[in-house]
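The values are calculated or read from the model by the stated rules, or taken from the named source; none is laboratory data. These numbers were taken from a predicted model, which means no experiment stands behind them. Every residue, glycine among them, receives a Cβ derived from its backbone with ideal geometry; neighbour counts consider all protein chains shown.
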Amino acid sequence: MFWGAAGMAIVATVLVAAIYVLGRFTAVAADPLVSLPFQSGWQPEEHALSRYHVRWYLATLLFLAFDVEMLFMYPWAVVVAELGAKAVVEMFLFLAALFVAVAWAWREGALRWV
């Protein structure tokens, strides 16, 4: 009854295992995070899994706010003529919420790079 799905699961499992084994045989070092440079060929000054400063999290939230804005504005621009004033009001409400997010980020210092 589910022979096709079972066959695909088996093939996928075998392929993943084969790629894993191939990676183990062709690996340069046992722990590449410690032995290989990761910053454009320069010798690392810190460990690859070191922690980021907290200001980068605020910058990431700010980026996501603008990224989501673009995801919402492109389809809106296509249908704004059909929907009329309702769509314009909806977009201004969305932009107001985005403005609140930017004002919060500004207050928290996400736009300060020192």
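Worth pointing out:
- Checking each residue of the range 60-75 against the condition of being outside any helix (DSSP H, G or I), exposed (fewer than 10 other Cβ atoms within 10 Å of the Cβ), at pLDDT below 85 and of a type outside the set (D, E, K, R) gives no match.
- Test: residue in the range 76-90 that is touching a residue at least 24 places away in the same chain (Cβ under 8 Å), closer than 25 Å to ALA105 by Cα and surrounded by 11 or more Cβ atoms within 10 Å (Cβ to Cβ): no
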